[in-house]
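> Submitted below is the structure of interest, expressed as structure tokens.
The values are calculated or read from the model by the stated rules, or taken from the named source; none is laboratory data. Remember, predicted model here, so these are calculated numbers, not experimental data. Cβ coordinates were reconstructed from backbone atoms using ideal geometry, including for glycine residues, and neighbour counts include every protein chain displayed.
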Amino acid sequence: MVADLLKRLSTLAIFLTPWLAGFALFTAFPFVASFALSFCRYDMISSPEFVGAQHYTRLANELASGRAFGLAVFNTLYYAAILTPLSIGLAIVLAVMLNWKVRGQAIFRTLFFLPSVAPVVSVCILWLWLLDPRDGMVNYLLRYAWVGPFNWFTSPETFLTSGRFGSKDGLILMGLWGVGNWIVIYLAALGDIPHSLYEAAELDGAGPLRRFWHITLPGLSPVIFFNLIMGLIQSVQAFTQMYVVSEGVGAPAGSTLVLSLHLFLSAFQDLEMGYASAMAWVLFVLLMTATAGLFYSSRRLVHYRGAVR
Amino acid sequence: MTLRNVGFIALFIAAVAIVGVSQWRQLSQQPIDDPREEVIFWHFWGGRDRQVVEDVVRRFNETNKQYRVRAVAMPGNNLDVKLFLSISGGAPPDLINQDDPLIADWAERGALTPIEEIASPAEVAELREFLFPAAVRLTEYDQKLYGVCNGLDIRALYYNKTLLQSRGYEAPTSLEALNNIATEFTERNSEGRITRFGYVPDARRLWAWGIVFGGDFYDEDSQTPTADDERIVQALRWMGGASNRLGVTTSDIQAFRQGDQSLPGKPFPLLPISPDSPHGRYALIIDGQWRVRDIMESYESRTSQNLPVAEIGVCPLPPPQGGEQNAGWVNGNYFIVPRGARQSQGAWEFMKFWIGLDGHQHQAAKTCAAGGWIPVSQRVVDDEAFQNFLNEQPLFGEFVALAASENQHPIPMTPGAPYFNREIKQVGESAMLHREASAEKLLTETNDRIKHHLERLKK
């Protein structure tokens, strides 16, 4: 019996070792090392030199002044706070529509999913063309609505502050184009909502909107919650699209300098690995806090269909 | 034996075979009986430039009896990180080619071997005398040469000669003349959309205009940034005032400029885009010598299709009164020898061969002519091989003349130069985007930030 258990454990260990070794080497160690380095001055060549909380003080000062890290935090929050709810809303609406039993349903589902498998850099190039202020299709179409033209990727303006679309809004539009992954998750969740609930509601005289509000949305709420957290993390960590559209520097005038890009420039152009590590840890703490807050609020907002909690 | 096991064994054999063949191919390229010392050379060249590099290496290997260079093409992205890791790991290459303004940063961190430690004092003196002043400035930090410049990138003003002459204008020789051309040739169509700018400053060109206006971004003596120099303030004010002078909005300028250079497939904006008109989107534009190739290709393509063509000229950036003649911002490619390189002497021999020092000027002239690169020395320019190239590409001559000028300056050689560079570009953008912004205030704030950053690095 014991021998059998030991044999099973040794087999388990053999199969787990490659993964554990990789995890220890490439995830756990850098994770701990970056925390230690956040208290040091380090440029990858010289030995790390302990500087105390200097980098964190600098981050606090920059946050207060709204420059560098402060600007990056603002840009990141703007991007995440608008893109995440919009993505969720759009994905739910599209998923509900793609769930309608119409001819060509599979084709529509494929079409909406396709953009999410396109490489990010290609998508950026495509959107740079689409949002070209003079020759782009988006401004061309907006002309018919007597709106615009907007300088999407050449203006630091934001729609919320000036009523005119700018570079961050362009990035949000690009982000919305890739909601295909989320649609798939919502479609799976929609299939999971018992049909009997809709029948009962219909018998009670509930219209489509009421059924959507009282059955579909609560039924989707665990998935919405999952996507909210994942979306928040993804949008706070977004890097490639900002790097491509801003020629790697957060142009124009720092309006696309998000946290991940600022971190990259500090670490690999300015060789301030300690400062970049401190920033990464602040980012980690912010995300953890936001996620914890969301989990706390989810108790009242997410419906787990009778699951014991 | 089950079918699954057979599959596993077949996969294993296939993997071993693939690895074996690739190793054999790699080994077969290395002559095992070559007694010469091997010099490992990292570079980032791609496309047709890579062929030129490989040809230089081949010619060096054919003539040098002591050293043999092995060129390793590396992706340009994060080359610096790879270098640092190789230095930390004790296995750096012997030579690297770079083009970012990183010399001072890396030298300060002890990542580079000064040329003074590789070459004799007489050789260093000869090298300094051999190079154009701009080529020395690009690699000099703390009064030492931490690299050897092997090609200069010069910016000048391209102008559409045919278009200008059609209204009695010539290439501008003063800022006032440039302003007149900018206004005269800025045109709108019947819908009010701008179809051409005579000239509009690019936010990234504050480096160039600041120098042309006579400004100095850095005080070498006190080791402090001086981006708020009065001449630079004037340059920024002039850049930010473009929309007022041209009677357009800043939004018009931003919309017009989008994708001038960044998008794939967008042609050099001075070149025609329509089959009917020989003129492009600008009458004047600043760009580097590599555009000569684009102009020649466009010219040949259009003449072969019997389409109208315009004559393009090149001139120096016109200064304001009291500004600098033949001035501008320069960058370029340079060799560096990492700290801990095993074959620094071999690297030095290869550098001399490439740039044309020590009697190699004919080889260097051939290299520059093949790549369309600007030599780093007048001796190479004067070589017959390069003179023949200039006869074929007369536009190139203006860039070569500018390369020899005393007034071509790179980004200041100071630790923190990448940050300095980003801040200067960003202040240019801010001035171009907000015409009400005070140039003086913008530059004072920018200079304070740069100063603060550099001081932090010094600590």
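> Could you list all residues from segment B:61-80 that are more than 13 Å from B:Asp100 (Cα to Cα) and within 14 Å of another protein chain (Cβ to nearest Cβ)?
B:Pro75
> Give all pairs with beta carbons closer than 6 Å in which a residue from segment B:381-396 that is in a helix (DSSP H, G or I) meets a residue that is surrounded by 14 or more Cβ atoms within 10 Å (Cβ to Cβ) and small (Gly, Ala, Ser); count only pairs at least 6 apart in sequence or on separate chains.
Between residues of segment B:381-396 that are in a helix (DSSP H, G or I) and residues that are surrounded by 14 or more Cβ atoms within 10 Å (Cβ to Cβ) and small (Gly, Ala, Ser), the close pairs are B:Ala385/B:Ala365; B:Ala385/B:Ala369; B:Phe386/B:Ala365; B:Phe386/B:Ala369; B:Phe389/B:Ala369; B:Leu390/B:Gly397.
> A follow-up question, please. Can you name every residue in segment A:141-156 that is surrounded by fewer than 21 Cβ atoms within 10 Å (Cβ to Cβ) and either more than 12 Å from chain B (Cβ to nearest Cβ) or in a loop (DSSP other than H, G, I, E, B) (or both)?
Selection gives A:Leu141, A:Leu142, A:Tyr144, A:Ala145, A:Trp146, A:Val147, A:Gly148, A:Pro149.
> Might you check whether a residue that is in a loop (DSSP other than H, G, I, E, B), on the phi > 0 side of the Ramachandran plot and surrounded by 15 or more Cβ atoms within 10 Å (Cβ to Cβ) occurs anywhere in segment B:317-332?
Yes; the residues of segment B:317-332 include at least one that is in a loop (DSSP other than H, G, I, E, B), on the phi > 0 side of the Ramachandran plot and surrounded by 15 or more Cβ atoms within 10 Å (Cβ to Cβ).
> Further question on the same structure: Residue by residue through segment B:210-240, note down the ones that are assigned to a loop (DSSP other than H, G, I, E, B) and not polar (S, T, N, Q).
B:Phe213, B:Gly214, B:Gly215, B:Asp216, B:Phe217, B:Glu220, B:Asp221, B:Ala227, B:Asp228, B:Asp229
> Taking the stated definitions as given, is A:Val102 outside any helix (DSSP H, G or I), hydrophobic (A, V, I, L, M, F, W, C), more than 14 Å from chain B (Cβ to nearest Cβ) and farther than 29 Å from A:Leu265 by Cβ?
yes
> Any residue in segment A:127-135 that is within 14 Å of chain B (Cβ to nearest Cβ), within 29 Å of A:Ala290 (Cα to Cα) and not in a helix (DSSP H, G or I)?
No; the residues of segment A:127-135 include none that is within 14 Å of chain B (Cβ to nearest Cβ), within 29 Å of A:Ala290 (Cα to Cα) and not in a helix (DSSP H, G or I).
> I've got another one for you. Using the structure shown, decide if B:Asp34 is under 20 Å from B:Phe350 (Cα atoms), touching a Lys or Arg at 6+ places or on another chain (Cβ under 8 Å) and either outside any strand (DSSP E or B) or modelled with pLDDT of 70 or more (or both).
It is true that B:Asp34 is under 20 Å from B:Phe350 (Cα atoms), touching a Lys or Arg at 6+ places or on another chain (Cβ under 8 Å) and either outside any strand (DSSP E or B) or modelled with pLDDT of 70 or more (or both).
> Mind checking whether some residue in segment B:417-424 is within 14 Å of chain A (Cβ to nearest Cβ), under 30 Å from B:Asn244 (Cβ atoms) and in contact with a Phe, Trp or Tyr (Cβ under 7 Å, 6 or more places away or on another chain)?
Scanning segment B:417-424 turns up at least one residue that is within 14 Å of chain A (Cβ to nearest Cβ), under 30 Å from B:Asn244 (Cβ atoms) and in contact with a Phe, Trp or Tyr (Cβ under 7 Å, 6 or more places away or on another chain).
> I need the full set of residues from segment B:81-110 which are touching a helix residue (DSSP H, G or I) at 6+ places or on another chain (Cβ under 6 Å), away from chain A (no Cβ under 13 Å) and under 28 Å from B:Lys459 (Cβ atoms), in order please.
Correct list: empty.
> If you don't mind, another one. Any idea which of A:Gly170, A:Gly163 is closer than 21 Å to A:Leu86 by Cα, within 14 Å of chain B (Cβ to nearest Cβ) and at pLDDT 90 or above?
Among A:Gly170, A:Gly163, only A:Gly170 is closer than 21 Å to A:Leu86 by Cα, within 14 Å of chain B (Cβ to nearest Cβ) and at pLDDT 90 or above.
> Would you be able to say whether some residue in segment A:13-33 is touching a residue at least 24 places away in the same chain (Cβ under 8 Å) and either of a type outside the set (A, V, I, L, M) or surrounded by 17 or more Cβ atoms within 10 Å (Cβ to Cβ) (or both)?
No, because not a single residue in segment A:13-33 is touching a residue at least 24 places away in the same chain (Cβ under 8 Å) and either of a type outside the set (A, V, I, L, M) or surrounded by 17 or more Cβ atoms within 10 Å (Cβ to Cβ) (or both).
> Another question about this same structure. Please work out which residue is nearest to the other protein chains (Cβ to nearest Cβ), limiting yourself to segment A:18-52 and to residues that are within 30 Å of the chain's Cα centre (by Cα) and among the hydroxyl-bearing types (Ser, Thr, Tyr).
Going through the qualifying residues, I end up with A:Tyr42.
> With under 30 Å from B:Pro418 (Cβ atoms), among the small types (Gly, Ala, Ser) and at pLDDT below 95 as the only criterion, which of A:Ser297, A:Ser277, A:Ser260 stands out?
A:Ser260
> Among the residues that make up segment A:228-241, is at least one of them closer than 27 Å to A:Ala280 by Cβ, touching a Cys at 6+ places or on another chain (Cβ under 8 Å), at pLDDT 90 or above and crowded, with 19+ Cβ neighbours inside 10 Å?
Taking every residue of segment A:228-241 in turn, at least one turns out to be closer than 27 Å to A:Ala280 by Cβ, touching a Cys at 6+ places or on another chain (Cβ under 8 Å), at pLDDT 90 or above and crowded, with 19+ Cβ neighbours inside 10 Å.
> Does B:His453 satisfy the condition of being touching a Phe, Trp or Tyr at 6+ places or on another chain (Cβ under 6 Å) and within 11 Å of chain A (Cβ to nearest Cβ)?
Here the answer is yes, as B:His453 does meet what is asked.
> Could you grab the pairs with beta carbons closer than 8 Å, sequence gap of 6+ or different chains, first residue in segment B:214-228 and touching a residue at least 60 places away in the same chain (Cβ under 8 Å) and more than 21 Å from B:Gln325 (Cα to Cα), second one part of a loop (DSSP other than H, G, I, E, B) and of a type in the set (Val, Ile, Thr)?
Final answer for the pair search is B:Gln223/B:Thr414; B:Pro225/B:Thr414.
> Let me ask you something else. Exactly one of these conditions fails for B:Glu170: (1) surrounded by 23 or more Cβ atoms within 10 Å (Cβ to Cβ); (2) touching a Leu at 6+ places or on another chain (Cβ under 8 Å); (3) away from chain A (no Cβ under 14 Å). Give me its number.
With respect to (1) surrounded by 23 or more Cβ atoms within 10 Å (Cβ to Cβ); (2) touching a Leu at 6+ places or on another chain (Cβ under 8 Å); (3) away from chain A (no Cβ under 14 Å), B:Glu170 is out only on (1).
> To continue, here is another question. Would you be able to tell me the number of residues in segment A:215-249 that are under 25 Å from A:Leu126 (Cα atoms) and touching a Lys or Arg at 6+ places or on another chain (Cβ under 8 Å)?
Matching residues across segment A:215-249 total 1.
> Would you kindly identify the helices (runs of 4 or more DSSP H) lying entirely within segment A:176-267 that contain at least 1 residues that are over 30 Å from B:Arg257 (Cα atoms), out of contact with any strand residue (DSSP E or B) (no Cβ under 9 Å at 6 or more places or on another chain) and in contact (Cβ under 8 Å) with a residue 40 or more places away in the chain?
Where helices (runs of 4 or more DSSP H) fall fully within segment A:176-267 and carry at least 1 residues being over 30 Å from B:Arg257 (Cα atoms), out of contact with any strand residue (DSSP E or B) (no Cβ under 9 Å at 6 or more places or on another chain) and in contact (Cβ under 8 Å) with a residue 40 or more places away in the chain, they are A:180-192, A:217-237.
> For segment A:273-298, what are the residues that are farther than 19 Å from A:Gly231 by Cα and not hydrophobic (A, V, I, L, M, F, W, C)?
Passing the criteria: A:Gly274, A:Tyr275, A:Ser277.
> For segment A:162-175, give me the residue count where each residue is assigned to a helix (DSSP H, G or I) and out of contact with any helix residue (DSSP H, G or I) (no Cβ under 9 Å at 6 or more places or on another chain).
Of the residues in that region, 1 qualify.
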